[in-house]
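Read-outs: derived from the displayed coordinates by stated rules, not from any lab. Remember, it's a predicted structure, so these values are computed and weren't measured experimentally. Note that each Cβ is placed from the backbone with ideal geometry, even for glycine, and that neighbours are counted across all protein chains shown.
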Amino acid sequence: MLYLFIYVALAGLAFAAGGKAPADRGGYLVALILLSVFVAFRFEVGCDWYGYSNQFNLAGLQLEYSLPSTGREPLWWLLLKSQQKLGLPYYWMNIVPAGVLFLGLHALARRQPDRLHFLAFCFPVLIINVGITQVRQGLAVGIICFAFIAFQQKRPILFGGLVLLASGFHSSALAFLLLTPLMPGRLSLRNVLLASLLALPGLYLLVTSDVAEVAVDRYIVRDVDAAGALFRIALLAFASVGFLLFLRLIWEERFPEDYKLIYLGSLLMLIPLPLALQSSVIGDRFAYYLIPLQAMMFARVRYLIRSGEIVTLGIHLILGSFLGVWIILSSHFNQCYLPYRTWLFGAPVSENYLYG
């Protein structure tokens, strides 16, 4: 129940702080640092722990197909190779991805009126699933958080550069390049349609690229499923519909500086549903990038509607129930996340692996 306790503690701290600057910022910084350490210094925790260890060993053997010359996620392999050259054991690998993920979340959180609620809403899905298990994508998500800020600031060159940087670690991030034509100008139906036309060549290149071919082979041809994906995708759709029906106009009035980003994000949150019909993994992978925007929506509900406190509590109860059911009933969770161990005070003895 460690993970549920952490979530309850985060939510409780957020309600206690009440969004008031001194308490919210102080509690947030402590929580952010502790969560960063919790994720970065874990030991043999996470579903892909041994899968990434195989990649780490391949990078050390200098096999041609595992190096950047393949053109697939070259920066990820460069990171592994750099660690090999430094002579650091495999379990050090999680420090950089965790650091980038939490720096990205912090960059968004510091722009929120309630940082603690934002961080708490990121925990049950994004931090556990991506930060601890999908390490490579977690790194990409952290960079995309900075790209979201560049989009909000209407800096297309920086936005495109950050998306390309993220794709060097996880190629799925390339999809966000299609947002570039939507950056300038007002958000109107005419501009959205025009930007969509401008994005068609990029969409064609993306769909016909090696990246798409690899994704189809991995997740559709091999019929791989993502556990819990339908719930996560449904929760995104719930946030999207709630925003479009009840929050959109008042958000534009009270938070105009990031309205365009959140409005487009709410539309993107509907995309994983049809994607999941072909492959739950592909839909899930795309959905993870949008969870920071979902957390922004959830954390600001209390500022936008009269019953915001009750709605915020209800969202926490839904996420907490999901996490509790997942912990109790899922053998997958027990295999991947339990027991939690850390190498912060020295690497524990491993029964399955010899770390150099």
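Put +1 on the Cβ of every Lys and Arg and -1 on every Asp and Glu Cβ in the chain; which of Tyr353, Leu264, Gly324 then has its Cα farthest towards the positive end of the dipole?
With unit charges placed on the Cβ atoms, the residue in question is Leu264.
Quick one: net charge of Ile262's neighbours, Cβ under 11 Å, K/R +1, D/E -1?
So the environment of Ile262 carries a net charge of 0.
So if each residue of separation counts as 0.36 nm, and I subtract the Cα-Cα distance between Ile250 and Val325, what length gain in nm does that give?
23.5 nm
Among all cysteines in the chain, which have no other cysteine Cβ under 4.7 Å from their own Cβ?
That list is Cys122, Cys145.
What Kirkwood Rh does the chain have if only Cα atoms enter the pairwise 1/r average? Answer in Å.
It works out to 21.1 Å.
Between Leu34 and Tyr303, what is the spin-label point distance in nm, taking each point 7 Å from the Cα along the Cα→C-beta axis?
It works out to 2.5 nm between the two label points.
Can you compute the FRET efficiency between Val8 and Gln278 using 1/(1 + (r/R0)^6), with r the Cβ-Cβ distance and R0 = 35 Å? Round to the nearest 0.05.
Here the calculated transfer efficiency is 0.45.
How about Lys260: which lysines have a C-alpha closer than 25 Å to its C-alpha, ignoring those fewer than 8 places off in the same chain?
Cross-link targets: Lys154.
Any chance you could run the full-extension gain for Glu257 through Thr342? It's 0.36 nm times the residue separation minus the Cα-Cα distance, nm to one decimal.
Once the chain is fully extended between Glu257 and Thr342, it gains 26.5 nm.
Which value in nm describes the separation of the simple spin-label points at Leu103 and Ile310, placed 7 Å from the Cα toward the beta carbon?
For Leu103 paired with Ile310, the spin-label model returns 4.4 nm.
Starting at the first residue of the stretch 45-52, write each ³J(HN,Hα) from the Karplus equation 6.51 cos²θ - 1.76 cosθ + 1.60 with θ = phi - 60°, in whole Hz, x for Gly and Pro.
Computed from phi, the couplings for the stretch 45-52 are 10, x, 5, 9, 4, 7, x, 5 Hz.
Taking amide H positions as placed 1.01 Å from N in the peptide plane, with prolines and chain starts having none, which residues 5 or more places from Thr342, or on another chain, fall under 5 Å of its amide H?
Sorted by chain and number, the residues that satisfy this are Phe43.
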